[in-house]
Amino acid sequence: MALTLDFAFEGFRIIRERPKLILFWAPVLLLSQVISAGILILMAGPEFMAIMDMYNKFGFGVVTDHAAEYANLAQKVTPAFGAGFLVSMFFSAIVLCAVYRAVLGVGDDRYGYLKFGKDELRQIAISFLLLVFAFVVSIVFTIGLIIIGGILVALTQATMGAPAITFGFVSALVSVAFYLWLVIRLSLVPVQSFDEQRLNFIGSFKLTKGHFWQLLVGYVVTIIMIMLVQILCEIIFVALAVPFLGLDMGGADMRQTFDLSRLESLANPVVAGYMIMSALRAPLLSALLIGAQAAAYKSLKPARTTT
């Protein structure tokens, strides 16, 4: 089957045809947010807020101008983010498989396609493996660029100046192009592994061969739609929160409202309202992002023959 740009709009289709999916997916995603936020607050809430205050005061220069203090805080915050990431990965796998079932038309939609079993565990394993693979590739690729750069610098006998600057610029472009190509070529690994019920890291390269630009354009369209939905929801939330929840857009009050150094902050009407809004929009965002991937796979996968 030919791949058309329609796959980018698959998320809208499944939500339009089954709006009840929002009622099932939203509580799962809300629970993920609450647990992740709770872990962050309990493990490193004050340190996280200190980092945010430093960024607000010094900008990105905090990493270099206040390196020691930043490193000390980051050392305490990183484990909390890691634990929160594991929680998010667990709940994301549940919704991920639910979207796959909705798009591929498999399973019972009685509970919004939500389950937890081998499929979800397989997706968690795939996420870990892809992260490890990306980490190893980035190291090898970086080392390769450093070696090539060293050779070129030695040949030109220039440690600074135009040759080095040019190489840095070209290296950045090559890096972006390479990682973009790799992401597109591997984008169907999760959904193909789900459909075939086995880990498959090679099939995505075969399915995406000759379809890079179509997939790239489709994914870009999907990301633009996701950004528009996010911006629209933020505008609606602020418009409702100011008169009904007492949200004050002033800097000091905003800092106190979204103070993640205390667990009680989650009970703040503005914080709770924002998390509920995020949970309600998350199903649509998940449907858009994951649905596009699943719809692309559905169009590209070879037809199964029966004997």
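The values are calculated or read from the model by the stated rules, or taken from the named source; none is laboratory data. These numbers come from a predicted model, not from an experiment. In this analysis, Cβ positions are derived from the backbone assuming ideal geometry, glycine residues included, and neighbour counts consider all displayed protein chains. When the accessible area is computed, the model is the full protein with side chains, heavy atoms only, and any ligands, DNA or RNA have been set aside. Shrake-Rupley method; radii C 1.70, N 1.55, O 1.52, S 1.80 Å.
Tell me which trypsin sites (Lys or Arg not before Pro) from segment 106-150 have a DSSP coil assignment and no more than 10 other beta carbons within 10 Å of their own. Qualifying residues, ordered by number: Arg110. Remark: accessible surface ordering of Thr78, Thr208 (largest first) is Thr78, Thr208, probe radius 1.4 Å.
The listed residues Cys97, Cys233, once ranked by accessible area (1.4 Å probe) with the largest placed first, stand as Cys233, Cys97. Packing around the peptides 211-218, 44-51, taken as the average count of other Cβ atoms within 10 Å per residue, puts them in this order, highest first: 44-51, 211-218. Per-residue 3J(HN,Hα) values for segment 221-236, derived from phi via the Karplus relation 6.51 cos²θ - 1.76 cosθ + 1.60 with θ = phi - 60°, read 4, 4, 5, 4, 5, 4, 4, 5, 5, 4, 4, 4, 5, 5, 5, 5 Hz in sequence order (x marks Gly and Pro). Here the label points at Phe128 and Tyr111, each 7 Å from Cα along the C-beta direction, are separated by 2.4 nm in the simple model. Taking only protein heavy atoms and a 1.4 Å probe, the accessible area of segment 185-231 is 71% carbon and sulfur. Beyond 29 Å in Cα-Cα separation lie the following of the pairs Lys20/Lys206; Lys118/Lys206; Lys115/Lys298; Lys115/Lys301: Lys20/Lys206. The listed peptides 279-285, 201-207, 32-38, ordered by packing as a protection proxy, come out as 279-285, 32-38, 201-207 (highest mean of other Cβ atoms within 10 Å first).
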